[in-house]
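These notes are about the structure you will find just below.
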C-alpha cells in the first residue's frame, strides 16, 4: 500500500475531527446563521469587516444584521470543511491512480467522496433552511460518519493493517457491534437534543425541573420534518417537548453507559484486551462527567464542545474495537 495514501487519510481524519469540534463550537455559540447565505457570507467569500462592507451587508440582509463575532466563526468552519473536501478528493486521486491500491480501498475512497459532497449539501441546507433540526442533526451525523470512514481508511492503508492480531477481541465481537450501534443511536439523540435547543430543558440533575419525571410531550418532541421557512435558531418547541427530548437523551445515556461500561469491564479482565478496555472506560467516564456538568453549570461553551469531542473519540474507540474483533473489510 502506498504510504502517501495512508498519510492523506490520517491528515484528513485529524481535520475531520477538528471540523466536528469547530462545528459544535459554531452551533453552541449560536453562530450557525452567522452568515445568512451560502457558500459566501453576506454575498462575499469572507465576512464583512470594514464599515462600508457591514453597511452593504445590512442593506442586502435587513432581516439578519451583521454580527462579526458570529460571521467569522461560521466562515472559518466553512474554510476548514472546504479543506476536508479537497483532502478527500486527493485521497480518491491517489487511490484510483495507483495500481497497488486494493479494490476495497478504492470503494471506501469513493464512498467517502460521495459522503463528503452530501455533507457539503447538508451544510448548505443548514443555512438555507434556517437550522431545520433534522438537517442540523444529519449534518452532525454526516461529520461523524466522514470521520469514521477516514479512520477506517487510515487503518486499512497502514503498514500494520495485515498484521493486526484480532484473536483476543473476537469473543467480544457481538457485544462490541451491539455497543457501537447503541452509541451511534445515542449520538443521534445528542444531535437531536442540541438541534432543538433542549440541553437545558432540565436544569438540575439527577432530577429534572425538581421531579424525576416532569411533564413531557414525546409526540411533538420527535417530529422529524417540520415547516420550511421557519427560523429555528433558539428552538421553537415548548418546554414539555424539549423536556421529552432531554429525558430521552438521559435514558439513552444511562443505557449506553451501562452497556459500554460492562464491555470495558470485560475487556479489562484479559491482558491482550486491557488497553482497549481502559481507554473505553476512561472516555466513558469523562463523557458522563461532561454531560452532568453541562446541566449543573448551564451549558458552558468549553465543556459543551468537549462533550461533543469526547463523543467522537468514543466512536473512534468503538470502531477500533470493531476492527480488532475481526470485522475488517480489507
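Going by the structure shown, is residue 159 over 13 Å from the mean Cα position of the chain (by Cα), assigned to a helix (DSSP H, G or I) and either modelled with pLDDT under 95 or assigned by TED's automatic domain parsing to the domain that holds residue 316 (or both)?
No; evaluated as a whole, the condition is false for this residue.
Just to check your reading of the model, which residue among 257, 222, 298 is under 23 Å from the mean Cα position of the chain (by Cα) and at positive phi?
Details: 257 fails: at positive phi; 222 fails: at positive phi.
Answer to the selection: 298.
Criterion first (over 13 Å from residue 88 (Cβ atoms), at pLDDT 95 or above and either assigned to a helix (DSSP H, G or I) or within 12 Å of the chain's Cα centre (by Cα) (or both)) does residue 122 satisfy it?
Answer is yes for this residue.
Could you please let me know if residue 216 is assigned to a loop (DSSP other than H, G, I, E, B), surrounded by 19 or more Cβ atoms within 10 Å (Cβ to Cβ) and modelled with pLDDT of 95 or more?
For residue 216, the condition - assigned to a loop (DSSP other than H, G, I, E, B), surrounded by 19 or more Cβ atoms within 10 Å (Cβ to Cβ) and modelled with pLDDT of 95 or more - is met.
When you check residue 185 against the structure, is it under 19 Å from the mean Cα position of the chain (by Cα), surrounded by fewer than 22 Cβ atoms within 10 Å (Cβ to Cβ) and modelled with pLDDT of 95 or more, yes or no?
Taking the combined requirement at face value, the residue satisfies it.
Looking at (1) more than 20 Å from residue 31 (Cβ to Cβ); (2) not in a loop (DSSP other than H, G, I, E, B), which is the only condition residue 202 fails?
(2)
Which of the following residues is touching a strand residue (DSSP E or B) at 6+ places or on another chain (Cβ under 7 Å) and outside the structural domain of residue 307 (by TED's automatic domain parsing): 75, 59, 45, 21?
Unique residue meeting the criteria: 75.
I'm told residue 202 meets every condition in (1) in contact (Cβ under 8 Å) with a residue 12 or more places away in the chain; (2) surrounded by fewer than 21 Cβ atoms within 10 Å (Cβ to Cβ); (3) in the same structural domain as residue 251 (by TED's automatic domain parsing) except one. Can you identify the failing condition by its number?
Unmet for residue 202, out of (1) in contact (Cβ under 8 Å) with a residue 12 or more places away in the chain; (2) surrounded by fewer than 21 Cβ atoms within 10 Å (Cβ to Cβ); (3) in the same structural domain as residue 251 (by TED's automatic domain parsing): (2).
Among (1) touching a helix residue (DSSP H, G or I) at 6+ places or on another chain (Cβ under 8 Å); (2) modelled with pLDDT under 95, which single condition is residue 272 missing?
Tallying (1) touching a helix residue (DSSP H, G or I) at 6+ places or on another chain (Cβ under 8 Å); (2) modelled with pLDDT under 95, residue 272 fails exactly one: (1).
The values are calculated or read from the model by the stated rules, or taken from the named source; none is laboratory data. What you see is a predicted model, and the numbers here were worked out from it, not measured in a lab. Here the Cβ is made from the backbone with ideal geometry for all residues, glycine too, and neighbour counts use every protein chain on show.
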